[in-house]
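Structure first, then comments.
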Amino acid sequence: MAQFNIHFFKEKSRKIDLEQMIAFFEQIEGITVEMDEKSVRFRYLHPRLSNEALFIITPKSQVPDIYRLSPKFLDLNFHLEMNLLTPDYVAKHLFELVKKICELYDFHIYNEMFEDVLPFKMDVVLKVFNMLKEAYITKNPVLLGDYHVLPKEKLHAILRYMDDIVELQHYYKELETYVPKYHFLSTEKKELVVGIEWKEHTLTVFPPYLDFLFYRVSTEIRVISFTEVLPLITKHLQDVPGFIKGTKVIPKKTSKKVFSVMKKTKFNKINHTFTKENIKKLLD
């Protein structure tokens, strides 16, 4: 697994307040703290998207070619390790955490692609991360056989919906509106498709970039193309306020019209054979 590393430096000091650092990481959702004689590890597991990363303090420097860096910055033997194939949405979340650490402790950062140690700049870090990711994929195209590659905007919207789904469910609970999870599926041609379950006569949120509805009528589940449904009901839907473009909801005041359309329309039969896909196999 190819890694992207960010090493932490401090000007004219190697001091880390370990107790303060542990207290900081213990407040971060998804972080587990581990310690032994070899290292101090802050393991990150995204609570909703399952992506992993590691912040680690080691006894010795892990910085390659450290001799060529400015001597006024001292290596703290503290760095971030993350999968180079991490989606940009999650990577940016981790880089925001790096930014907080730098601001809180007056740290600088270094990556092997930098000419020297730098103050944290989000645009620089994202640019280098994406450059390395693209170069790695170009050099190892066989890797793509294990992934489904999506446009950045599409995967960002999908991951944001999944990340915010708990808040949406809380928001719509009093409105008795169902906020569904995505189903990631592969067709017999290995094409990725995205669907949700929708129960007849149920107020429902439709997340962005849907391909199929698994529409439950009594004990029967009908597979329906969302592109066939949407033009028939779009005028009866509302945008989810303040959320991702393309996220729609059935409001109560027009719900009878939506349910009527679904009852009266004879939709085309879908003949695909689907298999489940893991969210960790989506790549931008």
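Efficiency by 1/(1 + (r/R0)^6): what FRET value for Ile279 and Leu232, r their Cβ-Cβ distance, R0 = 25 Å, to the nearest 0.05? Rounded to the nearest 0.05, the efficiency is 0.25. Largest first, the extents of the alpha carbon coordinates of region 196-237 on the three principal axes equal 28, 18, 17 Å.
Of all the accessible heavy-atom surface of region 150-284, with the other protein chains kept in place and a 1.4 Å probe, what percent is carbon and sulfur?
Numbers: 4150 of 8090 Å².
Summing carbon and sulfur atoms, their accessible area is 51 percent of the total for region 150-284.
Distance cut-off 20 Å, Cα to Cα: go down the list Lys190/Lys263; Lys152/Lys280; Lys154/Lys266 and report the pairs above it. Flagged as over cut-off: Lys190/Lys263; Lys154/Lys266. Within a straight-line Cα-Cα reach of under 12 Å, Lys281 can be paired with the following aspartates and glutamates, leaving aside sequence neighbours fewer than 8 residues apart in one chain: Asp146. Within the same chain, lysines fewer than 8 places from Lys15 are excluded, and of the rest, those with a Cα less than 17 Å from its Cα are Lys60, Lys72. Give me the Å³ per residue figure for the convex hull around the C-alpha atoms of the chain. So the per-residue hull volume is 160 Å³.
Basic side chains Lys and Arg get +1 at the Cβ, acidic Asp and Glu get -1 at the Cβ, and with that the dipole of the chain about its Cα centre reaches some 1380 debye. For region 117-194, the residue among Val166, Pro180, Val194 whose Cα projects farthest onto the positive side of the dipole built from Cβ charges is Val194. Working note: Cα atoms of region 84-125, range along each principal axis, descending, whole Å: 27, 24, 14. Accessible area of Thr138 (1.4 Å probe, protein heavy atoms only, ligands and nucleic acids ignored): about 110 Å².
Between the listed residues Pro71, Thr86, Val117, the Cα displaced farthest toward the positive end of the dipole of region 48-139, a dipole computed from Cβ unit charges relative to the Cα centre, is found at Thr86. The convex hull around the C-alpha trace of region 52-169, projected and averaged over every direction, spans 9.4 square nanometres.
Peptide packing for 240-249, 263-272 was compared via the average number of neighbouring C-beta atoms within 10 Å per residue; ordered from the highest value, the list is 240-249, 263-272.
Val149 to Ser13: FRET efficiency via 1/(1 + (r/R0)^6), r the Cβ-Cβ distance, R0 41 Å, to the nearest 0.05? List each step's numbers first, then the result.
Details: r = 43 Å, r/R0 = 1.06.
FRET efficiency, Val149 to Ser13: 0.40.
Under the convention that each Lys and Arg Cβ holds +1 and each Asp and Glu Cβ holds -1, the size of the dipole of region 118-254 around its Cα centre is about 260 debye.
Can you give the percent of C-alpha pairs in region 209-284 whose distance is more than 20 Å?
Value for region 209-284 (Cα pairs over 20 Å): 43 percent.
From the P(r) of region 127-263, can you give the percent of Cα pairs sitting at distances over 23 Å? Before the final figure, lay out the partial values.
On the way: 3882 of 9316 pairs.
Pairs farther apart than 23 Å: 42 percent.
Ranking Phe274, Val128, Met35 by how far each Cα lies toward the positive end of the dipole of the chain (charges on Cβ) leaves Phe274 at the top. Once the gyration tensor of the Cα atoms in region 20-113 is diagonalised, the equivalent ellipsoid follows with semi-axes of 22, 16, 13 Å, ordered largest first. Magnitude of the charge dipole for region 1-51, about its Cα centre and with charges confined to Cβ atoms of Lys, Arg (+1) and Asp, Glu (-1), is about 240 debye.
Membrane-span-like helices in the chain, defined here as complete DSSP H runs extending at least 24 Å along the helix axis by their C-alpha atoms with mean Kyte-Doolittle hydropathy no lower than -1.0, are 88-105, 122-139; this is a sequence and geometry rule, not a statement about a membrane.
Under the criterion of Cα pairs below 8 Å and six or more residues apart, the relative contact order for the chain equals 16 percent.
The values are calculated or read from the model by the stated rules, or taken from the named source; none is laboratory data. Treat the numbers as computed from the prediction; the structure is a model and nothing was measured. With ideal geometry, Cβ positions are generated from the backbone for all residues, glycine too; neighbour counts draw on all protein chains shown. Ligands, DNA and RNA are stripped out before the accessible areas are found, and what is left, the full protein with its side chains, is counted by its heavy atoms. Shrake-Rupley method; radii C 1.70, N 1.55, O 1.52, S 1.80 Å.
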